[in-house]
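Below is one structure; the comments refer to it alone.
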Amino acid sequence: MSRSPARRAVGRSHAAERTLTFLLGLVAVLAGAAALVVGQGWLGEFRGQRPLLDPIAVGWLRDHELAARIGAVVLGVVLLVAGLWWFFRSLRPERRPDLALDATPGAELTVTAAALAGAVQADAEDIAGVTRARARAVGTPAAPALRVTLWLSEGTDVRRIWTDLDAFVLTRAREALGLDSLPTAVRLELDTAGPARVR
């Protein structure tokens, strides 16, 4: 499932994990519902009284014991490989896109994700009232996005910070990269240990 750059800016996608959890839950619910229907005898008294393991199936497995064992081993290996793949996929770091500004052979120009984040961070820290900043480039080379965290000094005007960030920092980044839009998620923190509040 593809996500818009704006959603990538907000946070890392967990759509695949949610989809898998939903499917597993759906299978469990359907299995439970089927067991309830059969157990209550809604499909006939005879079906409700039959053993959990069908005697015909048990007899077939007994007659084809070798094939059944091989199938069980293969299924176990497949499930193990799938589980390990999913585990390492969930742990992999989020992609940080490098942007190619010029793909001309011999004159390639690429802006790395670290360079973009560093430039945005430096510009953000120049805004009056910002004590420190952190920036991170996310998304894809075709649809980059930013996550910016600003720590503000006590008594800082948040509206002015927001205006300056968009008018100077983000506009400069968009113009430097030749982008019409650069979705950005901004988080504001108060850089003080006291109870003072930001206006």
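The values are calculated or read from the model by the stated rules, or taken from the named source; none is laboratory data. Here the structure is a predicted model, which is why all the values come from computation and not from measurement. Methodologically, a virtual Cβ is constructed for each residue, glycine included, from the backbone with ideal geometry; neighbour enumeration extends over all protein chains shown. The area values use the complete protein model at the heavy-atom level, side chains included, leaving out ligands, DNA and RNA. Shrake-Rupley method; radii C 1.70, N 1.55, O 1.52, S 1.80 Å.
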| What pairs come up if the first residue lies in the range 74-91 and is among the aromatic types (Phe, Trp, Tyr), the second is open to solvent by less than 80 Å² (accessible area, probe 1.4 Å), and their beta carbons are under 9 Å apart, counting only those six or more places apart or on different chains? | Trp86/Ala16; Trp86/Glu17; Trp86/Leu20
| query | Looking at the range 143-183, which of its residues are within 19 Å of Thr110 (Cα to Cα), open to solvent by 40 Å² or more (accessible area, probe 1.4 Å) and touching a residue at least 12 places away in the same chain (Cβ under 8 Å)? | reply | Arg172, Ala176, Gly178, Leu179, Ser181
| task | May I ask you to say which residue of Val81, Val77, Val138, Val73 is surrounded by 10 or more Cβ atoms within 10 Å (Cβ to Cβ) and under 18 Å from the mean Cα position of the chain (by Cα)? | result | Val138
| query | Given (1) acidic (Asp, Glu); (2) free of Cβ contacts under 8 Å to residues at least 40 places away in the same chain; (3) open to solvent by less than 40 Å² (accessible area, probe 1.4 Å), where does Asp123 come up short, assuming only one miss? | reply | (2)
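If a residue has to be modelled with pLDDT of 85 or more and either touching a Pro at 6+ places or on another chain (Cβ under 6 Å) or part of a loop (DSSP other than H, G, I, E, B) (or both) to count, how many in the range 156-199 make the cut? Can you show your working first?
Step one: filter the range 156-199 for residues modelled with pLDDT of 85 or more, giving 156-190.
Checking which are either touching a Pro at 6+ places or on another chain (Cβ under 6 Å) or part of a loop (DSSP other than H, G, I, E, B) (or both) leaves us with 156-157, 178-183.
Residues in the range 156-199 being modelled with pLDDT of 85 or more and either touching a Pro at 6+ places or on another chain (Cβ under 6 Å) or part of a loop (DSSP other than H, G, I, E, B) (or both): 8 in total.
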| query | Does Arg95 satisfy the criteria of being modelled with pLDDT under 85, open to solvent by 40 Å² or more (accessible area, probe 1.4 Å), in contact with a Ser or Thr (Cβ under 8 Å, 6 or more places away or on another chain) and at negative phi? | reply | yes
| query | Does Ala115 meet the test of being at pLDDT 90 or above, open to solvent by less than 70 Å² (accessible area, probe 1.4 Å) and not in a strand (DSSP E or B)? | reply | yes
